[in-house]
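Encoded as structure tokens, the structure appears first; notes follow it.
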Amino acid sequence: MRTSQPQTIYLSDYKVPAYLVDTVDLRFELFEDGARVHSTLAIRRNPDSQESAAPLELDGDSLVLESVALDGTALSDGDYENRGEQLVIRSVPERFSLSVVTWIEPQNNTRLEGLYKSSGMFCTQCEAEGFRCITFFPDRPDVMARFRTRIEADREAYPVLLSNGNDVDRGELDDGRHFVTWEDPFPKPCYLFALVAGDLVEKRDTFTTCSGRDIDLRMYVEPRNAEKCDHAMDSLKRSMRWDEDVYGREYDLDIFMIVAVDDFNMGAMENKGLNIFNSSCVLASQETATDLAFQRIEAIVAHEYFHNWSGNRVTCRDWFQLSLKEGFTVFRDSQFSADMGSPTVKRIEDVTLLRTAQFAEDGGPMAHPVRPASYMEISNFYTLTIYEKGAEVVRMIHTLLGPDLFRKGSDLYFQRHDGQAVTTDDFVRAMEDASGRDLSQFRLWYEQAGTPVLTVSDEFDEGRGVYRLTIEQTIPDTPGQSNKKPQHIPFALGLLGSDGQPLPLRLSGDETEAPTERVLELTEGVHTFEFHGIPSEPVPSLLRHFSAPVRVRYPWTREQMLFLMNHDPDGFNRWDAGQRLAVDVIQRLIGSPDDAAIDPRLVEAYRKLITDTGLDQALVAKMLQLPSEAYLIELAESADVPAIHRARERVLEHLAVALRDELVACYQRQHDSGAYEVTPEAIARRSLRNTALGWLLMINDDEGRALAVRQLNEADNMTDRMGALRALVNSDYEADRRQALDDFYDRFRDDPQVVEQWFSVQAASDRAGQLSDIEQLLVHPAFDWKNPNKIRSVIGSFAGQNLAAFHNPDGSGYRFLADQVCRLDDSNPQIAARLVTPLTRWRKFAPAYSSQMQSALERIRDKEGLSRDVYEVVHKSLAG
Ligand code: 0A1
Ligand code: ZN
């Protein structure tokens, strides 16, 4: 932990590495009280570096240095300088071999960076800068080397020894120990290094690639999880086939391995040939995982697999380029998920996340461009902006170029840069070169932070049959950036006639037949478009499919919203119109005591959704979800969360009372008698059923209560079980709630992934998750301060989802979070820094709240020995 102020690192200071590493030879001796790491590096001066006399500087963190030898000769203390975070050797030859021995203590590594232990097994996490916690190394992604790794450990405790590439040697050693040697033929940056040692069961399958090579697929899990691998394995095979079909990408090694570990800071990691997953993002069975979990697992397995090309074969030059691999790979996994299920539903889910969480980030103190210009701690930059906005930026290129030219561009990118560490600019250039399009203005999406605002106005000239649309673009200031330039924005739209039919969009000068949907390209501060031959005043359907990550301001009337909800041929915009209507109704109710203010047309619109079985049920399931509190907060100027919460609940209750009989009928209709399936139709059925149940319990409906209890007892899958549990937990049936929670825990107490869901459903509930309840959960025997999933499921769910309780006007929620962050800062700074996020948005809230949030942040700021991770987040959010 540090005492001095952390340094800021700037993109503008980038220099090529002074030294390159061709090969890395590692030998790990794993013991219970620590591990000895022998590393031999083949190093040479980088011919592209200007600094011919630069000293050799290797990064290190928390290492005990045992010895250093250069070309086989041991160095003495005076020959090198061990500065703790750096090992410096002043004078080295052009080419040499450097052998370093370090001692580390994986069993005490609670940060979960580098080599650590998780439920008895050894595992690694090296992205972004974890490799330096294993041995001294130039820990930067533009140093790419070929790795050979020998692992030695006790045979009985650690029968399975894994690393990247192919196993090339194995054998017995003295004292019941054994070894396995792995060789990875592909040069890679050290952040893609991985090692696993444990007592794991192996699940095998095979995949035959498009060129006919047989790939050995292996999953390694703890024996108790042996039956939870099928879904991930199937997802993996679908991903491999999809990447061949859609991107022409074939897998390159002979083995592909997936390992599940319980203690993991993030979701999963794309280490070459050896992906390591958070158990909750890979293990699933019908009894233990919800539909949402099944879908998330499929998407994450695909994401990590797709990184093999977008990330590993072509990697990042430096960490400012993180979105090069993450934005592109999220775009790829979201295309994949869309192809596997319902594209409209997938788009709705992506946009929901973007508009609530990414927009909030982009409007807050940590706002940064998709390609940041500076950072203190890179772990803080695995953000929604890098991932989700980065994916939207790639999506816009796809929209501007069209699928064929986009594919030409990605082919060129992979071919041109295979084996290289490159920049987002190289990516855009490949797209330009393949398509002949000029994307110079488009590049601003990578450089300017903030969510653009499009203010749209329109005018209809009935006499001339001309509809005129004016779109003005502004980009708000963000920390360190003001007076931004207009960006290049693809704006998809359609116009609907009074009968609901799409109108041809004929712009001045159009000769050929006009399409009913167009993508307008906005490049200036203000644009005006004139559509000709429009018979009567149309209803505009703006920003279809959410064609750009922007906010649209247009003076919608409720009639227009209802009209679009019924008629828009774009499913996404139909959903969005419904959201807008619900937002409008909820916002008007805030501060108004009178439920009569609830527009009866909202009730009728929902009645239609619930009763009209001819509608796309997957879309209906989404349309029935009222906008979340988080989204309503995001839209507010100065949020009073308890007031937002009450207004939203009143609308829900009003709808539930008015539609009570329809909800019961809907529940009965969606009954699923066949075998459990994870198809879009089956998912929609379960979702509708559980929404109906939730609404009925909101209004203390006794029939609803009986249905919930029965569903809980009879469920053959976790989606239904959790749906019933959640409905009861969020109801006023206190005895049922207690009973349901106890029974559930007794049934699943031995399954950590289910216990996490059990924690989360309580912590996120305004009924079961008051602060005193949360404090009880923290002392529950199943809670574990060292396990990130448990921390997220209790503290993260409380502060991120139980918003009315977290924003208790007495400030207790804020003080609680500050205490937990301080506590976690010493053991796991990455997790601590993520948990602070809700407090950092303090400026968004009404003064009575924001001042107390600010004080909570100041308490964290004043903690002694604050980690760099938390320091950066807290200081940036208090600044200015
Ligand atoms: N590259 C991974 C994400 C990841 C990042 C950092 C980690 O440890 C601090 C772990 C995983 C991905 O995008 O899936
Ligand atoms: Zn990723």
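Table: residues versus (1) of a type in the set (A, V, I, L, M); (2) within 15 Å of ligand 2 (Cβ to nearest atom); (3) closer than 28 Å to Leu632 by Cα.
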residue	(1), (2), (3)
Ser280	no, no, no
Val301	yes, yes, no
Asn312	no, yes, no
Gln321	no, yes, no
Phe328	no, yes, no
Phe331	no, yes, yes
Phe336	no, yes, no
Lys346	no, no, yes
- Item | Residue under evaluation Arg443, criteria (1) free of Cβ contacts under 8 Å to residues at least 24 places away in the same chain; (2) exposed (fewer than 13 other Cβ atoms within 10 Å of the Cβ), criterion not met | (2)
- Note on the structure: Log entry, pairs with first residue in the stretch 300-314 being under 18 Å from Asp234 (Cβ atoms) and open to solvent by less than 10 Å² (accessible area, probe 1.4 Å), second being within 11 Å of ligand 1 (Cβ to nearest atom) and in a helix (DSSP H, G or I), beta carbons closer than 8 Å, six or more apart or on different chains, reads Ala302/Asp333; Phe306/Thr329; Phe306/Asp333
- Task: Check off (1) farther than 19 Å from Val282 by Cα; (2) open to solvent by less than 20 Å² (accessible area, probe 1.4 Å); (3) in contact (Cβ under 8 Å) with a residue 24 or more places away in the chain for Leu777 and give me the number that stays unchecked.
- Result: (3)
- Message: I'm trying to understand the selection: among the residues of the stretch 332-342, which are in contact with a Ser or Thr (Cβ under 9 Å, 6 or more places away or on another chain), in a helix (DSSP H, G or I) and either within 16 Å of ligand 1 (Cβ to nearest atom) or not aliphatic (A, V, I, L, M) (or both)?
- Response: Arg332, Asp333, Phe336
- Listing of strands (runs of 3 or more DSSP E) fully contained in the stretch 502-576 that carry 2 or more residues being aromatic (Phe, Trp, Tyr) and open to solvent by less than 40 Å² (accessible area, probe 1.4 Å): 526-532
- Message: Just the residues that are open to solvent by less than 60 Å² (accessible area, probe 1.4 Å) and free of Cβ contacts under 8 Å to residues at least 12 places away in the same chain, please, taken from the stretch 458-489.
- Response: Asp461
- Message: Could you go through the stretch 285-298 and let me know if any residue there is within 16 Å of ligand 1 (Cβ to nearest atom) and in contact with a strand residue (DSSP E or B) (Cβ under 6 Å, 6 or more places away or on another chain).
- Response: no
- Message: Filter the stretch 116-131 down to the residues that are away from ligand 1 (no atom under 13 Å from the Cβ) and touching a helix residue (DSSP H, G or I) at 6+ places or on another chain (Cβ under 8 Å) and list them by number.
- Response: Lys117, Phe122
- Count of the stretch 520-556 residues which are farther than 24 Å from Pro476 by Cα and either of a type outside the set (Phe, Trp, Tyr) or without any contact (Cβ under 8 Å) to a residue 12 or more places away in the chain (or both): 11
- Right, Glu66: charged (D, E, K, R) and open to solvent by less than 60 Å² (accessible area, probe 1.4 Å) or not? no
- Item | Wholly enclosed strands (runs of 3 or more DSSP E) of the stretch 162-221 bearing at least 3 residues closer than 30 Å to Leu20 by Cα | 166-172, 177-188, 195-198
- Among the numbered conditions (1) touching a residue at least 60 places away in the same chain (Cβ under 8 Å); (2) away from ligand 1 (no atom under 12 Å from the Cβ); (3) open to solvent by 10 Å² or more (accessible area, probe 1.4 Å); (4) of a type outside the set (S, T, N, Q), tell me where Lys237 comes up short. (1)
- Can you tell me which of Asp167, Asp142 is within 30 Å of Pro47 (Cα to Cα) and surrounded by fewer than 21 Cβ atoms within 10 Å (Cβ to Cβ)? Asp142
- Given the conditions (1) assigned to a helix (DSSP H, G or I); (2) more than 30 Å from Ala832 (Cβ to Cβ), every one holds for Asn225 apart from (2)
- Message: Could you go through the stretch 751-762 and let me know if any residue there is outside any helix (DSSP H, G or I) and touching a residue at least 60 places away in the same chain (Cβ under 8 Å).
- Response: yes
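One line per residue, one yes/no per condition, for (1) at pLDDT 95 or above; (2) within 30 Å of Glu734 (Cβ to Cβ); (3) surrounded by fewer than 24 Cβ atoms within 10 Å (Cβ to Cβ); (4) charged (D, E, K, R):
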{"site": "Phe798", "(1), (2), (3), (4)": "yes, yes, no, no"}
{"site": "Ala805", "(1), (2), (3), (4)": "yes, yes, no, no"}
{"site": "Asn808", "(1), (2), (3), (4)": "yes, yes, yes, no"}
{"site": "Lys844", "(1), (2), (3), (4)": "yes, no, yes, yes"}
{"site": "Arg859", "(1), (2), (3), (4)": "yes, no, yes, yes"}
{"site": "Asp862", "(1), (2), (3), (4)": "yes, no, yes, yes"}
- Could you tell me whether the stretch 376-384 includes any residue that is assigned to a helix (DSSP H, G or I), touching a Leu at 6+ places or on another chain (Cβ under 9 Å) and over 17 Å from Tyr191 (Cβ atoms)? yes
- Query: Say we look at the stretch 598-657 and pick out the residues that are in contact (Cβ under 8 Å) with a residue 24 or more places away in the chain, assigned to a loop (DSSP other than H, G, I, E, B) and among the acidic types (Asp, Glu); which of these is nearest to Leu803 (Cα to Cα)?
  - Reply: Asp640
- Task: Quick one: in the stretch 367-414, of everything that is within 12 Å of ligand 1 (Cβ to nearest atom) and of a type in the set (A, V, I, L, M, F, W, C), which residue is nearest to Tyr14 (Cα to Cα)?
- Result: Ile378
- Message: Given (1) in a loop (DSSP other than H, G, I, E, B); (2) touching an Asp or Glu at 6+ places or on another chain (Cβ under 9 Å), identify the lone condition not met by Ser52.
- Response: (2)
- Item | Neighbours by Cβ (under 6 Å, 6+ apart or cross-chain): first from the stretch 729-744, hydrophobic (A, V, I, L, M, F, W, C) and modelled with pLDDT of 95 or more; second outside any helix (DSSP H, G or I) and surrounded by 19 or more Cβ atoms within 10 Å (Cβ to Cβ) | Val729/Ser765; Val729/Ala768
- Query: Is there any pair with a first residue in the stretch 108-132 that is among the hydroxyl-bearing types (Ser, Thr, Tyr) and a second that is surrounded by 21 or more Cβ atoms within 10 Å (Cβ to Cβ) and outside any loop (DSSP other than H, G, I, E, B) whose Cβ atoms are under 7 Å apart and which are 6 or more apart or on different chains, and what are they?
  - Reply: Tyr116/Pro106; Tyr116/Cys123; Ser118/Val261; Thr124/Gly114; Thr124/Leu115; Thr124/Leu195
- Condition met for Lys389 (basic (Lys, Arg), within 16 Å of ligand 2 (Cβ to nearest atom), open to solvent by less than 10 Å² (accessible area, probe 1.4 Å) and touching a Gly at 6+ places or on another chain (Cβ under 6 Å)): no
- From (1) under 29 Å from Asp13 (Cβ atoms); (2) more than 10 Å from ligand 1 (Cβ to nearest atom); (3) under 16 Å from the mean Cα position of the chain (by Cα), pick out the condition that doesn't hold for Asp318. (3)
- Note on the structure: Within the stretch 722-736, the residues that are open to solvent by 30 Å² or more (accessible area, probe 1.4 Å) and part of a helix (DSSP H, G or I) are Arg726, Glu734, Ala735, Asp736
- Over the stretch 322-351, the set of residues farther than 16 Å from Glu392 by Cα and not charged (D, E, K, R) is Met340, Gly341, Ser342, Val345
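The values are calculated or read from the model by the stated rules, or taken from the named source; none is laboratory data. All values reported here derive from a predicted model rather than from experimental measurement. When we count neighbours, we look across all protein chains shown, and the Cβ atoms used for this are built from the backbone with ideal geometry, even at glycine. Ligands, DNA and RNA are excluded from the accessible area calculation, which covers all protein heavy atoms including side chains. Shrake-Rupley method; radii C 1.70, N 1.55, O 1.52, S 1.80 Å.
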